[in-house]
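Notes follow the structure.
The values are calculated or read from the model by the stated rules, or taken from the named source; none is laboratory data. Since the model is a prediction, treat every value here as computed from it, not as a measurement. With ideal geometry, Cβ positions are generated from the backbone for all residues, glycine too; neighbour counts draw on all protein chains shown.
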Amino acid sequence: MALGSPGGDGQPQTIVQMLNNVLLFGMTPQRAVEAARWRSYDDGVLQLEDGIVAAVQARLTALGHRLQVVAGRGAELGGAQVILVSPSGARATGADPRREAYGIAW
């Protein structure tokens, strides 16, 4: 699997989330890049896209996180692309709708 994301401090956070989405949660590459994301900032704020369910938000708050919920899917939480090559050689791609991106693999 090849993963890519622009964005300084947010880059490793986006990559880890995509890896988890594919490897742990069994998502397709496209679903993995479209899924709601979070991002942790140096000032202690944990920014979440509004697709993170209320129960998870409540648990994070109970653990002491300062949440900032962002409406929709914007580029502020990163952009990402994925190419997954299966053992058979078939390829599947994911391109992030948060930014201009296309998934092409051959």
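Laid out as a table, the results:
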{"quantity": "Close pairs (6 angstrom Cβ cut-off, 6 or more residues apart or separate chains): basic (Lys, Arg) in the range 73-99, exposed (fewer than 15 other Cβ atoms within 10 Å of the Cβ) and part of a loop (DSSP other than H, G, I, E, B) anywhere", "calculated": "ARG91/ALA105"}
{"quantity": "Condition check for GLY4: in contact with a Pro (Cβ under 8 Å, 6 or more places away or on another chain), in contact (Cβ under 8 Å) with a residue 40 or more places away in the chain and not hydroxyl-bearing (Ser, Thr, Tyr)", "calculated": "no"}
{"quantity": "Filtered residues of the range 12-48 (kept if of a type outside the set (Ser, Thr, Tyr), over 30 Å from SER86 (Cα atoms) and touching a strand residue (DSSP E or B) at 6+ places or on another chain (Cβ under 8 Å))", "calculated": "GLY44, VAL45, LEU46, GLN47, LEU48"}
{"quantity": "Count of the range 73-86 residues which are over 17 Å from GLN17 (Cα atoms) and surrounded by 10 or more Cβ atoms within 10 Å (Cβ to Cβ)", "calculated": "1"}
{"quantity": "Answer residue from the range 87-106, given it is part of a loop (DSSP other than H, G, I, E, B), touching a strand residue (DSSP E or B) at 6+ places or on another chain (Cβ under 8 Å) and surrounded by 15 or more Cβ atoms within 10 Å (Cβ to Cβ) and is modelled with the highest pLDDT among those", "calculated": "ASP96"}
{"quantity": "Tally, over the range 29-42, of residues that are in contact with a helix residue (DSSP H, G or I) (Cβ under 8 Å, 6 or more places away or on another chain) and polar (S, T, N, Q)", "calculated": "1"}
{"quantity": "Helices (runs of 4 or more DSSP H) within the range 1-70 that include 1 or more residues over 30 Å from GLY89 (Cβ atoms)", "calculated": "10-23, 54-62"}
{"quantity": "VAL56 being surrounded by 12 or more Cβ atoms within 10 Å (Cβ to Cβ), within 19 Å of GLY10 (Cβ to Cβ) and not small (Gly, Ala, Ser)", "calculated": "no"}
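Residues are listed down the side, and each one gets a yes or a no for (1) of a type outside the set (A, V, I, L, M); (2) over 15 Å from the mean Cα position of the chain (by Cα); (3) farther than 18 Å from ASP96 by Cα:
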{"position": "ASN21", "(1), (2), (3)": "yes, no, no"}
{"position": "GLN30", "(1), (2), (3)": "yes, no, no"}
{"position": "VAL33", "(1), (2), (3)": "no, no, no"}
{"position": "GLY44", "(1), (2), (3)": "yes, yes, yes"}
{"position": "GLY51", "(1), (2), (3)": "yes, no, no"}
{"position": "ALA54", "(1), (2), (3)": "no, yes, yes"}
{"position": "ARG59", "(1), (2), (3)": "yes, yes, yes"}
{"position": "LEU63", "(1), (2), (3)": "no, yes, yes"}
